[in-house]
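J.: I am attaching a structure below and will ask some questions about it afterwards.
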Amino acid sequence: MNLLNTFFNIPVLIDTFPLLLSGLLVTLEIGVTSIITGLAGGLFLALVRLYGPGPIPFLSKIYIDIFRSIPLLVLLIIVYYALPFVGIRFSPFVSAVVALTLVSSAYTAEIFRAGIEAIPHGQFEASQALGLSSRHMMVDVILPQAIRIVIPPLTNNCINVLKDTALASVVAMPDLLKQATQAQALAANPTPLIGAALIYVALLWPLVAIVARLEKHFGKDKRP
Amino acid sequence: MTPLIKISNLKKAYGIFTVLHGIDLDIAEGEVVCVIGPSGSGKSTLIRCINRLESFSDESSIVVDGVVVGPGEALAKVRAEVGMVFQSFNLFPHLTVLKNVMLAPMRVRGTKPAEAERKARELLARVGIAEQAEKYPGKLSGGQQQRVAIARALAMEPKVMLFDEPTSSLDPEMVGEVLDVMKSLAGTGVTMVVVTHEMGFARQVADRVIFMDGGRIIEQNTPSKIFDNPKEERTRSFLRSVLDH
Ligand SMILES: Nc1ncnc2c1ncn2[C@@H]1O[C@H](COP(=O)(O)OP(=O)(O)O)[C@@H](O)[C@H]1O
Ligand SMILES: [Mg+2]
């Protein structure tokens with residue numbers, strides 16, 4: 001039973017479990033913060049891309065395209081290792097959140113835009129004909145309907161952000177992956193890595209299942 | 001008396017294709033005007049310019065109740081005074097019938113929720129759907145939805161009501177209930193501009209019927225004169241074609 005002792009060494013797992021949990025906490029802190037800031041940034045980008053004056057929509061599109069093209073790991077390394085050369089120094093936590101937010105907001109911007117564009121034109125016209133201001137039209141009529149459309153892809157994006165937090169370990173963030181690799185070194189046994197993988201799956205599997213249900217739920221709900 | 005709506009030299013083009021060729025039209029307060037004409041003649045475009053859902057040429061001018069309809073601040077004022085009912089209802093599907101009717105008065109006029117609700121229930125009773133107030137629009141028949149749409153527009157207490165083929169997407173058995181609501185509305189003194197294919201309605205309710213073709217007003221007159229004694233050949237052939245069907 002060499003294999004079991006190597007990969008599923010229960011004593012090692014029990015020893016290192018508190019470390020893994022503290023890593024999970026950091027992972028969640030990075031993930032949840034980045035998801036929230038990414039949502040806010042994405043909604044803002046989507047709105048200025050659709051309705052901004054002058055060159056703003058174009059600039060927003062450029063931003064979105066760039067940050068959807070750049071590999072997150074490259075961006076993270078630039079934020080943490082390159083920006084200090086121009087005097088901008090972020091802590092590992094802030095670096096991770098900044099990099100994740102920059103990318104996540106680009107993706108959520110496209111999700112929000114698609115959701116808003118999916119709302120029938122008549123909804124905009126009816127709002128305007130009633131005299132609603134642009135702000136009330138968005139807040140009371142368009143966004144509540146768009147939210148239903150964007151919830152499945154936004155949840156998907158949350159999953160991606162939570163997974164991508166693992167990259168924060170390269171900037172010495174004591175997240176789940178980092179703690180697992182350290183525990184592995186200490187115990188001279190890879191079981192903590194397997195433990196970390198299982199924790200990631202336990203965390204994200206429910207979300208994956210929720211997305212599938214949401215897609216089914218909103219998919220069959222055909223509205224006029 | 002100055003007209004409530006004054007349209008002067010209204011021009012509208014999509015690229016090189018001219019939809020409206022300089023329309024002049026005055027509509028008096030309380031008047032009920034029906035606009036008829038073949039499809040593509042510019043009827044929708046004409047009434048959609050009145051609340052500027054469509055922009056129009058700078059040489060044109062539309063004045064509603066003394067306010068120039070143009071981009072900017074004054075537009076909100078015009079839109080609050082001008083209600084519109086669309087062919088496709090365009091109710092807000094995520095709000096109940098009651099909330100559909102309450103929304104604009106609360107947001108645009110700052111009406112208190114209790115007052116907006118009282119008013120909305122009164123209007124829903126007036127269009128005959130008081131019992132449906134808590135339902136979502138998707139649960140209602142087409143005729144009921146269109147009556148909600150009328151109540152929603154009336155909630156703003158508009159001076160003018162624009163109707164763009166309000167019965168064209170309804171099943172035949174529901175046309176009557178919507179026309180009845182519009183007929184009773186016509187008796188209340190609100191100014192109405194109605195694009196319609198319902199010639200019976202136009203004859204019975206309109207003070208004036210306007211026949212449009214090719215982006216121009218070809219002929220306008222009282223319903224009896226237009227329907228019984230049209231002067232223009234184009235009007236005659238149009239009426240022949242619709243009355244045959
Ligand atoms: N967005 C648009 N782009 C180009 N042409 C349009 C557009 N909207 C309307 N038109 C054209 O303008 C003309 C008048 O349209 P409309 O006012 O809807 O006519 P009606 O309501 O009398 O049927 C039609 O020929 C139509 O094809
Ligand atoms: Mg039309």
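Each reported figure results from applying straightforward, stated rules to the coordinates on display, with no laboratory input. None of these values were measured; they are calculated from a predicted model. FYI the Cβ positions are ideal-geometry reconstructions off the backbone, even for glycines, and counts take in every protein chain you see.
J.: What is the gain in length, in nm to one decimal, between A:Leu186 and A:Lys163 on full extension, counting 0.36 nm per residue of separation less the C-alpha to C-alpha distance?
T.: So the extension gain works out to 5.8 nm.
J.: What does the structure give for B:146-159 when I average, per residue, the other chain Cβ atoms found within 10 Å of the residue Cβ?
T.: Taking all residues of B:146-159 together, the mean is 1.
J.: Average partner chain C-beta neighbours within 10 Å, per residue of B:78-85?
T.: For peptide B:78-85, the averaged partner shielding equals 3.
J.: Additional query: Two decimals is fine: what is log10 I(q)/I(0) at q = 0.15 Å⁻¹ for segment B:103-185, from a Debye sum with one equal scatterer on every Cα and no solvent?
T.: The calculated log intensity ratios at q = 0.15 Å⁻¹ are -0.54.
J.: Next question. When the helix-only estimate is applied to chain B (DSSP H runs of n ≥ 4, each -39,500 (n - 2.57), divided by the residue count), what is the mean residue ellipticity at 222 nm, nearest 500 deg cm²/dmol?
T.: About -11000 deg cm²/dmol.
J.: Using only C-alpha atoms and all pairs of different ones, pull out the Kirkwood radius for chain B in Å with one decimal.
T.: With all distinct Cα pairs of chain B included, I get 18.6 Å.
J.: Can you work out ³J(HN,Hα) from phi for every residue in segment A:32-49, in order, using Karplus 6.51 cos²θ - 1.76 cosθ + 1.60 and θ = phi - 60°, giving whole Hz and x for Gly and Pro?
T.: 5, 4, 5, 5, 5, 5, x, 5, 4, x, x, 5, 4, 4, 5, 5, 6, 5
J.: Over the whole of B:86-96, what's the average partner chain Cβ count within 10 Å per residue? Rounded to a whole number, please.
T.: 5
J.: Continuing with the same structure: Highest first, please rank the peptides B:144-154, B:64-74 by the mean number of other Cβ atoms sitting within 10 Å of their residues.
T.: Highest-to-lowest ranking by the protection proxy: B:144-154, B:64-74.
J.: Here is a further query. Given +1 on the Cβ of Lys and Arg, -1 on the Cβ of Asp and Glu, and no further charges, what dipole in debye does the protein assembly as shown carry about its Cα centre, rounded to the nearest 20?
T.: It works out to roughly 480 debye.
J.: Sticking with this one: What ranking do A:Ser95, A:Ser134, A:Ser34 get, fewest neighbouring Cβ atoms within 10 angstrom at the top?
T.: Lowest count first: A:Ser134, A:Ser95, A:Ser34.
J.: Would you mind telling me the antiparallel percentage of the DSSP bridges in chain B, rounded to 5?
T.: Around 55 percent antiparallel, to the nearest 5.
J.: Taking the 0 to 90 degree range and rounding to the nearest ten, how far is the long axis of helix A:56-69 tilted relative to the main principal axis of chain A, both from C-alpha atoms?
T.: 30
J.: Under 8 Å for C-alpha pairs, at least 6 residues apart: give me the relative contact order for chain B, rounded to a whole percent.
T.: 25
J.: What would the Debye equation give as log₁₀ I(q)/I(0) for the protein assembly as shown at q = 0.14 Å⁻¹, counting only Cα atoms as equal point scatterers?
T.: Log10 of I(q)/I(0), two decimals: -1.26.
J.: Further question: Find the centroid of the Cα atoms in segment B:1-46 and in segment A:65-136, then give the distance between the two in whole Å.
T.: The distance from the Cα centre of segment B:1-46 to that of segment A:65-136 comes to 44 Å.
J.: Here's a follow-up. Loop only by DSSP, 14 or fewer other Cβ within 10 Å of the Cβ. Give me the trypsin sites (Lys or Arg not before Pro) in segment A:130-224 that pass, ordered by residue number.
T.: When the trypsin sites (Lys or Arg not before Pro) of segment A:130-224 are filtered for loop state and at most 14 Cβ neighbours within 10 Å, A:Lys222 remain.
J.: Let me ask you something else. Check which residues have an amide H placed less than 5 Å from B:Glu54's amide H, if you skip close sequence neighbours.
T.: Amide H neighbours of B:Glu54: B:Cys49.
J.: A follow-up question, please. Would you mind giving the average projected area, over all directions, of the Cα convex hull of chain A in nm² with one decimal?
T.: The orientation-averaged projected area of the Cα hull of chain A comes to 15.9 nm².
J.: Suppose every K and R has +1 on its Cβ and every D and E has -1 on its Cβ; what is the size of the dipole of segment A:105-224 about the Cα centre, in Debye to the nearest 20?
T.: 260
J.: A follow-up question, please. Which value, in debye to the nearest 20, describes the size of the charge dipole of chain A about its Cα centre when Lys and Arg Cβ atoms bear +1, Asp and Glu Cβ atoms bear -1, and nothing else is charged?
T.: So the dipole magnitude of chain A works out to roughly 340 debye.
J.: Using 1/(1 + (r/R0)^6) with R0 = 56 angstrom and r between the beta carbons of B:Lys139 and A:Phe8, what's the FRET efficiency to the nearest 0.05?
T.: Efficiency for this residue pair is about 0.50.
J.: With each run of n ≥ 4 DSSP H residues scored as -39500 (n - 2.57), what mean residue ellipticity at 222 nm is computed for chain A after dividing by its residue count and rounding to the nearest 500 deg cm²/dmol?
T.: After summing the helix terms and dividing by residue count, I get -25500 deg cm²/dmol.
J.: Still on this structure: What angle do you read, to the nearest 10 degrees and between 0 and 90, between the alpha-carbon axis of helix B:233-244 and the longest principal axis of chain B?
T.: Between helix and principal axis, roughly 50 degrees.
J.: Still on this model: Using a Förster distance of 56 angstrom, determine the FRET efficiency expected from the C-beta separation of A:Lys216 and B:Lys225, and round it to 0.05.
T.: Efficiency computed from Cβ-Cβ geometry: 0.40.
J.: What number, in percent, do you get for the relative contact order of segment B:105-231 if the mean sequence gap of Cα pairs under 8 Å and at least 6 apart is divided by its residue count?
T.: 17
J.: Relative contact order, percent, of chain A when contacts are C-alpha pairs under 8 Å separated by at least 6 residues?
T.: 32
J.: Between helix B:172-186 and chain B, what is the angle of the helix's C-alpha long axis to the longest principal axis, kept within 0 to 90° and rounded to the nearest 10?
T.: 90
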